[in-house]
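The values are calculated or read from the model by the stated rules, or taken from the named source; none is laboratory data. The structure displayed is predicted, hence computed values, not measured ones. Here the Cβ is made from the backbone with ideal geometry for all residues, glycine too, and neighbour counts use every protein chain on show. With ligands, DNA and RNA removed, areas are computed over all heavy atoms of the protein, side chains included. Shrake-Rupley method; radii C 1.70, N 1.55, O 1.52, S 1.80 Å.
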Amino acid sequence: MIPLSAPEISGRELEYVTECLKTGWVSSVGEFVNRFERDIERFTGSAHAVACVNGTSGLHVSLVALGVEPGDEILLPSLTFIAPANAVRYAGAVPVFIDVEPRYWQIDPDGVREFLRRCRVKQGCLINPDTGRRVRGIIPVHVLGHPVAMDSIVSLAREYGLFVLEDATESLGAEYMGRHTGTIGDVGVFSFNGNKIITCGGGGMVVTGDALLAERVRYLTTQAKDAGDEYIHREVGYNYRLTNVQAAIGVAQLERLKEFIEKKSQIRARYDEAFADMPDLRAQEIAPQAWSNHWLYTIRVGGSVGPRDLMRALENEGVQSRPLWQPLHRSPAHAFGPHADCPVADDLFHTALSLPSSPGLSQLDQDIVIAAVRKFIHG
Ligand SMILES: *Cc1c(COP(=O)(O)O)cnc(C)c1O
């Protein structure tokens with residue numbers, strides 16, 4: 001089977017992990033955790049990075065550190081992997097789903113603006129008139145590694161006094177107007193899950209330009225233990241700290257990131273060229289100010305063919321592919337909340353399919369994918 005997105009472990013991972021095992025530094029204290037944080041700071045140009053067990057925990061702890069309280073409303077796109085909506089719920093808050101725009105498939109700033117315009121200010125708080133709840137922040141998700149229009153999102157957030165928490169879990173290495181995704185809002189979160197562009201097996205990182213916020217995130221991820229030898233805790237924290245072994249893998253992976261992005265951009269170019277004569281297939285576009293990391297190459301399948309039919313046909317040819325996530329305003333797990341209509345997210349759910357995009361994908365394997373797609377579409 002040609003996988004959708006397999007990790008590429010062929011650098012210094014084994015060497016660094018062996019170093020952890022030989023020295024006994026296997027747990028959540030160790031040189032690789034610090035080194036991974038410093039390397040991410042240097043790579044993204046962020047002032048502060050704090051490692052955590054995965055991207056979801058990073059989103060959760062960021063919301064707590066930003067002061068989100070039960071009943072607060074947080075805006076996020078309807079079309080995304082479910083994790084950011086779950087994190088909002090862990091904090092007791094309520095996700096409000098906004099549609100995505102049809103070209104780049106990211107949260108639509110016009111949809112955000114429309115929602116915020118209807119809100120009212122009461123005693124210094126922004127209130128959703130439909131629910132009476134406070135609106136606190138926006139989580140733009142850089143879906144499939146393509147950046148959100150962050151200039152519009154940040155200026156709306158400033159105008160209405162909201163925080164911006166970037167879910168950059170799919171977009172490490174992507175840039176918008178020359179700035180790394182994750183470093184443009186107040187806080188950003190990366191993931192190093194097995195199918196992301198680089199992996200630790202599992203892992204995450206919170207980045208921010210705010211030293212106090214970084215300190216608070218670090219405190220909350222380590223059981224909120226006060227400094228010193230005694231076990232004194234003033235509040236409830238979390239055991240969200242990354243281990244040294246995972247960080248060792250992350251350090252080795254990060255050394256390869258530029259190469260992986262370059263490889264993924266070549267994969268994209270080859271797919272684009274191969275499908276150029278097929279009007280029924282249209283890839284996610286790339287915005288002029290955007291630099292994508294090309295995490296997962298995804299096409300919209302037009303005509304009478306559905307992406308799930310194509311997925312099954314590809315499976316028979318030994319090719320793994322995946323439709324996009326069920327829009328969250330339709331998800332039984334989250335559909336209770338307020339939301340606008342999301343026709344674009346609905347349409348993408350019914351038309352889009354991601355194709356194999358691993359950095360280790362050979363030209364031969366890519367040719368097999370291309371031939372299988374062409375065979376099915378052309379019959
Ligand atoms: C992968 C992912 C996450 C969560 O990351 P984990 O490390 O798996 O917890 C969050 N948001 C989005 C959009 C993701 O794709």
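Data overview
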| read-out | value |
| --- | --- |
| Segment 268-379, accessible area per residue, ligands and nucleic acids excluded (1.4 Å, Å²) | 47 |
| Distance cut-off 20 Å, percentage of C-alpha pairs in segment 194-267 lying past it | 49 |
| Rounded percent of accessible protein surface that carbon and sulfur make up, segment 46-103, 1.4 Å probe | 56 |
| ³J(HN,Hα) computed for each position of segment 185-200 - Karplus, 6.51 cos²θ - 1.76 cosθ + 1.60, integer Hz, glycine/proline x | x, 6, 9, x, 10, 10, 10, 10, 5, x, 9, 7, 5, 10, 9, 10 |
| Among L14, L355, L75, residue whose mean-square fluctuation peaks in a GNM of the chain (springs only between Cα atoms under 10 Å) | L14 |
| Extension gain, I9 back to L212 (0.36 nm per residue minus Cα-Cα distance, nm) | 69.5 nm |
| Among 230-237, 362-369, the order from most to least packed when residues are scored by Cβ within 10 Å on average | 362-369, 230-237 |
| Placed amide H near A283: partners under 5 Å, 5+ positions off or other chain | R300 |
| Inverse of mean 1/r across different Cα pairs in the chain, Kirkwood, Å | 21.4 |
| Set of lysines near K258 by C-alpha distance (under 23 Å), chain-local residues within fewer than 8 positions excluded | K196 |
| Normalised per residue, the volume of the convex hull around the Cα set of segment 31-72 (Å³) | 85 |
| Charge sum, other residues only, whose C-beta stays under 13 Å from A157's C-beta, Lys/Arg counted +1 and Asp/Glu -1 | -1 |
| For segment 121-164: Kirkwood Rh in Å [reciprocal of mean 1/r, alpha carbons] | 11.7 |
| Span from the segment 294-373 Cα centroid across to the segment 20-73 one, whole angstrom | 30 |
| Long-range HN-HN contacts of E73 with modeled amide H, under 5 Å | V94, R134, V135, R136 |
| Antiparallel DSSP beta bridges within the chain, percent to nearest 5 | 65 |
| HN-Hα J in Hz across segment 202-215 - Karplus 6.51, -1.76, 1.60, θ = phi - 60°, x for Gly and Pro | x, x, x, 8, 9, 10, 7, x, 9, 4, 5, 5, 4, 4 |
| Relative contact order (%) - the chain, alpha-carbon pairs under 8 angstrom, separation at least six | 24 |
| Cubic angstrom per residue, convex hull over Cα atoms of segment 1-136 | 189 |
| Inverse of mean 1/r across different Cα pairs in segment 189-232, Kirkwood, Å | 12.2 |
| Accessible-area composition of segment 222-379, carbon plus sulfur, in percent [1.4 Å probe] | 52 |
| Compactness index (Cα Rg / 2.2 N^0.38 Å), segment 209-337 | 1.61 |
| Kirkwood Rh and Cα Rg combined as Rg/Rh, segment 88-233 | 1.01 |
| Mean Cβ neighbour count within 10 Å, used as a protection proxy, ranking 135-144, 117-126 highest first | 135-144, 117-126 |
| Kirkwood hydrodynamic radius (C-alpha pairs) into Stokes-Einstein, segment 139-203, 37 °C and 0.692 mPa s, D in µm²/s | 276 |
| Per residue, in Å², the accessible surface of segment 1-104 once ligands and nucleic acids are set aside, probe 1.4 Å | 40 |
| Max mean-square fluctuation residue, GNM over the chain, Cα-Cα springs under 10 Å, options N316, N193, N34 | N316 |
| Descending principal axes extents, segment 227-282, alpha-carbon based, whole Å | 68, 26, 14 |
| Overall dimensions of segment 65-128 by Cα: Rg and Dmax, Å | 12.8, 39 |
| Highest-first arrangement of 55-66, 86-97, where packing means the average Cβ count within 10 Å | 55-66, 86-97 |
